[in-house]
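The values are calculated or read from the model by the stated rules, or taken from the named source; none is laboratory data. Remember, predicted model here, so these are calculated numbers, not experimental data. Ideal geometry is used to build each Cβ from the backbone, glycine not excepted, and the neighbour counts take in all protein chains shown. The accessibility values were calculated without ligands, DNA or RNA, using every heavy atom of the protein model including side chains. Shrake-Rupley method; radii C 1.70, N 1.55, O 1.52, S 1.80 Å.
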Amino acid sequence: MKSVVVSLSGGMDSSTLLLRALSEYDNVIAVSFDYGQKHRVELERAQELINYLNTCVNCSSFEPIKITYQTIKLDGLTPLLNSALVTGGAEVPEGHYEQDNMKATVVPNRNKIFSSIVQAIALSTANQTESTCDIALGIHAGDHAIYPDCRQEWRDADDQAFRVGNWDVGRVGHFTPYLHTDKFGILQDGEMLCEQLGLDFNEVYSRTNTSYKPIQHLVEKKISVLASLSEMQQIPVWFSDYKSASSVERIEAFIKLGKPDPVAYADETGPVTWEVAKAHVEQVLAQHQV
């Protein structure tokens with residue numbers, strides 16, 4: 001029995017990592033973290049994806065897999081963290097993801113905090129099952145310039161501290177398949193994995209959030225009032241922005257893949273089409289290359 005603990009943010013990278021874990025492991029545990037992030041909608045998307053996979057994974061060519069999932073609350077840290085990504089922090093910057101101002105989106109020691117908890121779960125699982133359990137992180141090459149805790153040297157140092165500080169760590173390994181892959185490569189793998197697992201690509205990626213500046217708008221939807229009666233009501237819906245660096249990088253990956261992003265986009269004026277979001281990102285990329 002091969003087990004794995006996936007750190008699932010609800011973003012495109014970790015969601016693809018979850019698919020990769022489903023294809024390679026017998027027992028999959030996924031954990032998300034609520035640390036007071038402004039883009040908390042990613043936690044809702046993570047839960048929606050888990051619900052979809054636990055329902056649809058039986059359609060795959062593999063044995064049915066039940067994903068164990070839990071959100072771990074760390075929001076007591078929120079007022080103590082200095083980052084644009086945390087509630088109460090500065091405005092999330094817009095522009096290209098390689099610009100120096102994107103360092104404002106670093107959350108101090110975030111991956112170390114997450115990995116410590118994931119390591120504890122993995123070691124506990126390995127000891128309980130008397131089998132191997134890996135730690136799966138979605139860190140990738142595209143993040144290395146801005147986020148020091150997405151680099152190989154950080155992962156190695158973090159792993160060394162884990163092994164020095166615990167007993168019986170021989171059964172615990174690492175699973176970081178995207179450490180030397182960019183976001184486009186991750187999305188390509190996701191496309192292949194959806195086909196392999198018998199999943200709908202759009203259904204999977206519409207249940208992810210990469211935007212650091214999600215926008216809420218009122219949208220008219222048909223709501224059931226009684227069993228035989230429904231009416232149109234305006235309800236608040238979260239949309240991804242298309243101007244923050246995280247969104248720019250995601251949209252660029254979909255442009256390269258040649259597929260429209262199934263996530264709904266909006267700006268301050270309201271919902272926009274994929275073509276609007278795509279055109280903006282193409283302009284940002286062209287300006288960055290000048």
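Name the shape class, rounded, prolate or oblate, that the alpha-carbon gyration tensor gives for the range 127-172, where a ≥ b ≥ c are the square roots of its eigenvalues, rounded holds for a/c under 1.5, and otherwise prolate holds if a/b is larger than b/c and oblate otherwise. Working shown, then result.
Working: a/c = 4.57, a/b = 2.00, b/c = 2.28.
Oblate, since a/c reaches 1.5 and b/c is not below a/b.
Binning every alpha carbon pair distance of the range 140-257 at 10 Å from zero, what are the percents per bin?
Pairs per bin, as whole percents: 11, 26, 27, 22, 10, 5, 0.
Rolling a 1.4 angstrom probe over the protein heavy atoms, how many square angstrom per residue are accessible across the range 83-170?
On the way: 4190 Å² over 88 residues.
It amounts to 48 Å² per residue over the range 83-170.
State log₁₀ I(q)/I(0) for the chain at q = 0.08, 0.09, 0.10, 0.14 Å⁻¹ as given by the Debye formula over alpha-carbon point scatterers of equal weight, solvent excluded.
With one equal scatterer per Cα and no solvent, log10 I(q)/I(0) is -0.35, -0.45, -0.55, -1.08.
On a full-extension model of 0.36 nm per residue, what is the gain between Glu275 and Glu220, subtracting their alpha-carbon distance, rounded to one decimal in nm? Walk me through the numbers on the way to the answer.
Working: separation 55, 0.36 × 55 = 19.80 nm, distance 2.22 nm.
Result: 17.6 nm gained on full extension.
Quick check: residue separation of Ala145 and Asp100 times 0.36 nm, minus the Cα distance between them. What number comes out in nm?
Details: separation 45, 0.36 × 45 = 16.20 nm, distance 0.93 nm.
Extra length available between Ala145 and Asp100 comes to 15.3 nm.
For a distance above 14 Å, tell me the whole-number percent of Cα pairs in the range 91-174 that qualify. Spell out each step's value before the answer.
On the way: 2309 of 3486 pairs.
Summing the P(r) of the range 91-174 above 14 Å gives 66 percent of all pairs.
Excluding same-chain residues fewer than 8 positions from Lys73, which aspartates and glutamates have a Cα within less than 13 Å of its Cα?
Asp34
Using the crude model of +1 on Lys and Arg Cβ and -1 on Asp and Glu Cβ, and no other charge, please compute the dipole size for the range 175-254 relative to its Cα centre, in debye to 20.
Roughly 340 debye, rounded to the nearest 20.
Once the other residues with Cβ under 9 Å from the Cβ of Ala245 are scored (Lys, Arg +1; Asp, Glu -1), what is the net sum? Provide the component values of the computation, followed by the final result.
Numbers: positive: Lys243; negative: Glu94, Glu98, Glu249.
Combined, the nearby Lys, Arg, Asp and Glu give -2.
With +1 on the Cβ of every Lys and Arg and -1 on the Cβ of every Asp and Glu, and nothing else charged, how large is the dipole of the range 124-208 about its Cα centre, in debye rounded to the nearest 20? Please list the in-between numbers first.
Numbers: 6 positive and 15 negative charges, 36 e Å.
In total the dipole reaches around 180 debye.
Suppose we take every Cα in the range 77-218 and form the convex hull; what volume per residue is that in Å³?
Numbers: hull volume 23.9 nm³, N = 142.
Taking the convex hull of the Cα positions in the range 77-218, it is 168 Å³ per residue.
By a straight-distance test (C-alpha under 24 Å), which lysines pair with Lys183 as possible cross-link partners, with residues fewer than eight away in the same chain excluded?
Answer for Lys183, where 24 Å is the Cα cut-off: Lys38, Lys103, Lys112, Lys213, Lys243, Lys256, Lys259, Lys278, listed by chain and number.
Based on Cα positions only, what radius of gyration and what Dmax would you give for the range 1-125, in angstroms?
Rg then Dmax for the range 1-125, in Å: 16.0, 47.
At 0.36 nm per residue, and after removing the present C-alpha to C-alpha distance, how many nm does the segment from Lys66 to His180 gain when stretched out fully?
Working: separation 114, 0.36 × 114 = 41.04 nm, distance 2.90 nm.
Extra length available between Lys66 and His180 comes to 38.1 nm.
Which one of Phe239, Val5, Cys194 has its Cα pushed farthest toward the positive end of the charge dipole of the chain, where Lys and Arg give +1 and Asp and Glu give -1 at the Cβ?
Of the listed residues, the answer is Val5.
Mind putting a number on the dipole of the chain about its Cα centre? Charges go on the C-beta only, +1 for Lys and Arg and -1 for Asp and Glu, and I need it in Debye to the nearest 20.
Magnitude of the dipole: close to 400 debye.
Using the basic label-point model (7 angstrom from Cα toward the beta carbon), what is the Ala161 to Gln47 distance in nanometres?
The modelled label-to-label distance comes out at 3.1 nm.
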